[in-house]
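Working notes, beginning with the structure itself.
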Ligand code: PEP
Ligand code: MN
């Protein structure tokens, strides 16, 4: 059902009122984690001022180590929702467990499935009966075919609002955190009618490299990007090194605007 042969025309998925898959580039920005009420409100205002369309922020974090910050849980979702509402934009956060889905639906406009859960088929099936869009990240070692099959689980369950998100895959190369597979953008566009966005933050792992690949993603035909922004990245509780300073994000938005005019 996700394939172009099944449906030749592009699908547009709305997060709140923001279309993904239309001619306009959609930008999701915000902190890796919601750390406290004040920071998410401040960042929401800033990213909105610079032209972002959707606020992101993790409240249930899939951390590699159980000894690091795990997120604020429901409190974090509440801060995220309030901050997004105050700036007049929708919000998205990652859901890790089936048992949290109903809670998420109270607070967010779209549910994110993280790379580590792309093959959590029971979670995907459960999201098939949710009436909210799902942002499905590519698994760390998933082929495009496996990724599209994961999307198929959600769509087959009755929820056709799926946005794919390339976030880098694990290869032998270790000069970046993951290897951003930008070739998946035109490949997915060929195979599927679903919108595809790119997250250069988690792929690159270093803010100075994020900017280049965000530009490249838009040039490659992505329907949008997801990027981490933090006002004090040196003291961030997660993913500080890859988080853009608000000023860098502002500059990037101007560049993306120019690039999207010429493609
Ligand atoms: C995230 O977006 O916060 C995240 C954990 O991303 P990923 O699942 O791609 O690692
Ligand atoms: Mn992160």
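The values are calculated or read from the model by the stated rules, or taken from the named source; none is laboratory data. The model shown is predicted, which means the values in this text are computed figures rather than measured ones. Here the Cβ positions follow ideal geometry from the backbone for every residue, glycine too, while neighbour counts run over all protein chains shown.
Which one is farthest from residue 10 (Cα to Cα) among residues in region 155-179 that are free of Cβ contacts under 8 Å to residues at least 40 places away in the same chain and outside any loop (DSSP other than H, G, I, E, B)?
Per the criteria, the residue is 179.
Where in region 191-263 are the helices (runs of 4 or more DSSP H), entirely inside, with at least 2 residues that are within 16 Å of ligand 1 (Cβ to nearest atom), crowded, with 16+ Cβ neighbours inside 10 Å and modelled with pLDDT of 95 or more?
Details: elements: 200-204, 207-219, 246-262.
Of the helices (runs of 4 or more DSSP H) lying wholly inside region 191-263, those with at least 2 residues that are within 16 Å of ligand 1 (Cβ to nearest atom), crowded, with 16+ Cβ neighbours inside 10 Å and modelled with pLDDT of 95 or more span 200-204, 207-219.
Hey, among the residues in region 113-123 that are assigned to a loop (DSSP other than H, G, I, E, B) and within 16 Å of ligand 2 (Cβ to nearest atom), which one's surrounded by the most Cβ atoms within 10 Å (Cβ to Cβ)?
By that ranking, first place goes to 118.
Identify the single condition in (1) buried (at least 24 other Cβ atoms within 10 Å of the Cβ); (2) away from ligand 1 (no atom under 15 Å from the Cβ) that residue 91 does not satisfy, given that it satisfies every other one.
Of (1) buried (at least 24 other Cβ atoms within 10 Å of the Cβ); (2) away from ligand 1 (no atom under 15 Å from the Cβ), only one is false for residue 91: (2).
Take the residues of region 124-141 that are farther than 19 Å from residue 11 by Cβ and in a loop (DSSP other than H, G, I, E, B): which is farthest from the chain's Cα centre (by Cα)? Before the answer, list the steps.
As a first pass, look at region 124-141 and keep what is farther than 19 Å from residue 11 by Cβ: 125-126, 139-141.
Filter once more, so that each one left must be in a loop (DSSP other than H, G, I, E, B): 139-141.
Working: 139: 13, 140: 14, 141: 18 Å.
Selected residue: 141.
With respect to the numbered conditions (1) surrounded by fewer than 16 Cβ atoms within 10 Å (Cβ to Cβ); (2) in contact (Cβ under 8 Å) with a residue 40 or more places away in the chain; (3) over 15 Å from the mean Cα position of the chain (by Cα), which one is the sole condition not fulfilled by residue 79?
Among (1) surrounded by fewer than 16 Cβ atoms within 10 Å (Cβ to Cβ); (2) in contact (Cβ under 8 Å) with a residue 40 or more places away in the chain; (3) over 15 Å from the mean Cα position of the chain (by Cα), the lone unmet condition for residue 79 is (1).
May I ask you to list the residues in region 165-183 that are in contact with a strand residue (DSSP E or B) (Cβ under 8 Å, 6 or more places away or on another chain) and surrounded by 11 or more Cβ atoms within 10 Å (Cβ to Cβ)?
165, 166, 167, 168, 169, 170, 171, 178, 179, 180, 181, 182
Out of everything in region 51-70 that is touching a residue at least 40 places away in the same chain (Cβ under 8 Å) and within 9 Å of ligand 1 (Cβ to nearest atom), what residue ends up being surrounded by the fewest Cβ atoms within 10 Å (Cβ to Cβ)?
By that ranking, first place goes to 62.
Any idea how many residues of region 240-250 are out of contact with any helix residue (DSSP H, G or I) (no Cβ under 7 Å at 6 or more places or on another chain) and touching a residue at least 40 places away in the same chain (Cβ under 8 Å)?
1
Strands (runs of 3 or more DSSP E) wholly in region 6-83 with at least 2 residues that are within 16 Å of ligand 2 (Cβ to nearest atom) and touching a strand residue (DSSP E or B) at 6+ places or on another chain (Cβ under 8 Å) - which ones?
Answer list for region 6-83: 26-30, 54-56.
Of these, 134, 130, 113, 108, which one is under 22 Å from residue 36 (Cα atoms) and modelled with pLDDT of 95 or more?
It is 108.
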